[in-house]
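Undergrad: Can you read through this structure? Questions will come right after.
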Amino acid sequence: MTRFAKTLKDGLFLGAFLVLASLIVAKLDFNGDTRIDGPFYAIDGDTLAAGAERFRLIGIDAPEADQSCGEGQKAWACGDTARNALARFASAPGAYCAGSSRDRYGRVLVRCRLGETNINAELVRQGMAVASGDYHAEETAARGEAKGIWSGSFETPRAWRAAKGAAAEDDGSAGADSGNRIGSGIEAIFERLKGLLPWS
C-alpha cells in the first residue's frame, strides 16, 4: 500500500470516527448526569454513600454530624436530625440520585429523588439544610414557618465548619466543576474512543 493510500485510509477512518463521536455526543443527555440507584446510606445531612462511592447533595448545606442548634435547654442535635431526615429518604426503595461532576473531595455532586419528591429541595423545605445556590424558595418557606433549624438560633454549617477549622467552602454549591459537566463528558467519550484507534 502506498503512503498516499495509507494516509487516505487513515483520513477516512478518522473522519468516520469523528462522525460517530459527534452522533454519540448528539444522543447524550446534555445535562450529562448519570443516574445512580439507591438505597443509600446517609453519612450526614447532605452526604450519601453507596459502597465505596460518596455523593454530595448539591445546592444544600446541612448541619454537620456533631453540630448543635439552639441555645441552653433548647439546644438540640440538628446535625443528627438532618442526617436522620436524609436517611429516611435515601434508604427508601426507589430512591435515586443523578450527577456527573465531582467536588474537590472526589464526591459525585448529585440531585436526588424519591418518586416525585426532590430530596434536596425537601430537606431545605423541612428546615434540615440551608440553601446553597439553589432552593431559596424552600428556604424562605421553612424560615417563615420556623421549621427545623429556623425554629431558633443556629450557626450556618459553613460558619460552624470555619469555626472548627474545617473547609468552609464545602457548602454544596456547584462550583467550577459543574460548568464543565458537558465538556468533561465529551472528553471522556473521546478518551474511550481514542483507545480504539489502531495507531493509539
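The values are calculated or read from the model by the stated rules, or taken from the named source; none is laboratory data. None of these values were measured; they are calculated from a predicted model. Neighbour counts are summed over all protein chains in view; Cβ atoms, including those assigned to glycine, are modelled from backbone coordinates with ideal geometry. Surface areas here come from the heavy atoms of the whole protein model, side chains and all, with no ligands, DNA or RNA. Shrake-Rupley method; radii C 1.70, N 1.55, O 1.52, S 1.80 Å.
Undergrad: Assign one of three labels to the range 60-114, namely rounded, prolate or oblate, based on the Cα gyration tensor with a ≥ b ≥ c the square roots of its eigenvalues; rounded applies when a/c is under 1.5, prolate when it is not and a/b is larger than b/c, and oblate otherwise.
TA: Taking the square roots of the gyration eigenvalues as a ≥ b ≥ c, the range 60-114 is oblate.
Undergrad: Starting from the amide H of Ala95, placed 1.01 Å from N in the peptide plane, find each other amide H under 5 Å away whose residue is 5 or more places distant or on another chain.
TA: Gly38
Undergrad: Check which residues have an amide H placed less than 5 Å from Ile43's amide H, if you skip close sequence neighbours.
TA: Leu48, Ala49
Undergrad: Need one value: the accessible area of Trp160 in square angstrom, 1.4 angstrom probe, rounded to the nearest 10.
TA: It works out to around 40 Å².
Undergrad: Taking θ = phi - 60°, what integer Hz values does the Karplus form 6.51 cos²θ - 1.76 cosθ + 1.60 yield along the range 136-142, in sequence order, with x for Gly and Pro?
TA: Each residue's phi maps through the Karplus curve to give 6, 5, 5, 5, 4, 5, 5 Hz.
Undergrad: Would you pull out the residues with amide H under 5 Å of Arg54's amide H, same chain only if 5 or more places away, H placed 1.01 Å from N?
TA: Correct list: Val108.
Undergrad: To continue, here is another question. Using only the heavy atoms of the protein chains and a 1.4 Å probe, how would Arg104, Arg113, Arg161, Arg35 rank by accessible area, largest first?
TA: These residues rank, largest area first, as Arg104, Arg35, Arg113, Arg161.
Undergrad: Through the Karplus equation 6.51 cos²θ - 1.76 cosθ + 1.60, θ set to phi - 60°, convert the phi angles of the range 35-45 into ³J(HN,Hα) values in whole Hz; use x for Gly and Pro.
TA: So the Karplus estimates, Gly and Pro as x, are 7, 10, 8, x, x, 10, 10, 7, 7, 8, x Hz.
Undergrad: Which order do the peptides 128-135, 55-62 come out in when sorted by mean C-beta neighbours inside 10 angstrom, highest first?
TA: 55-62, 128-135
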